[in-house]
Amino acid sequence: MIGTIGPDVARAAVALRRNHPSVPAVTVLDTCMRQRTGKLEDFGAAIEPGSPFGTLLAEVFEQDPISHDWALCLHDTTPAAVVASLQAIWAEQVLTKFAARYGLRP
């Protein structure tokens with residue numbers, strides 16, 4: 001049976017990771033995303049950089065050896081240009097790989 005995705009899946013993944021920190025982050029995602037279908041936007045704000053689920057995604061899919069400070073996207077004092085740049089990197093480096101791994105539509 002195929003299920004849909006949404007913010008509840010993101011919350012479940014974050015809770016699973018918190019309760020089982022020794023389990024690899026990719027295993028947590030694989031477990032929570034098993035037999036699910038949908039679009040990236042179905043996650044709503046849960047998929048934003050710096051969110052708890054976003055932190056989990058970055059752990060699995062961020063390939064850059066220099067870790068970005070995704071939480072900067074959440075601060076009102078972060079210049080708009082910095083936020084825009086980080087969000088572009090997020091979409092290219094993290095969300096693209098996440099969507100590809102789980103067959104999510106953009």
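The values are calculated or read from the model by the stated rules, or taken from the named source; none is laboratory data. Note that the coordinates shown come from a computational prediction; the quantities given were computed from them, not determined experimentally. No Cβ is skipped: glycine too gets one built from the backbone with ideal geometry, and neighbour counts run over all protein chains shown. The area values use the complete protein model at the heavy-atom level, side chains included, leaving out ligands, DNA and RNA. Shrake-Rupley method; radii C 1.70, N 1.55, O 1.52, S 1.80 Å.
The angle between the Cα long axis of helix 7-19 and the longest principal axis of the Cα atoms of the chain comes to about 90 degrees, rounded to the nearest 10.
Please report the net charge: other residues with Cβ closer than 12 Å to the Cβ of Ala10, K and R +1, D and E -1.
On the way: positive: Arg11, Arg17, Arg36; negative: Asp8, Asp42, Glu48.
Summing Lys and Arg as +1 and Asp and Glu as -1 gives 0.
Using a probe of 1.4 angstrom and keeping all protein chains present, the accessible surface of the stretch 1-59 works out to 54 square angstrom per residue. On full extension, the segment bounded by Asn19 and Arg36 gains 3.9 nm, given 0.36 nm per residue less the C-alpha separation. Here the dipole of the chain is about 460 debye; that uses its Cα centre as origin and unit charges on the Cβ of Lys and Arg (positive) and Asp and Glu (negative). Of Asp76, Asp69, the residue with the largest accessible area leads and the full order is Asp76, Asp69 (1.4 Å probe).
Leaving out ligands, DNA and RNA, and with a 1.4 Å probe, what % of the accessible surface on the chain is carbon or sulfur? Please report the intermediate quantities before stating the final value.
On the way: 3580 of 6200 Å².
Carbon plus sulfur share of accessible area: 58 percent.
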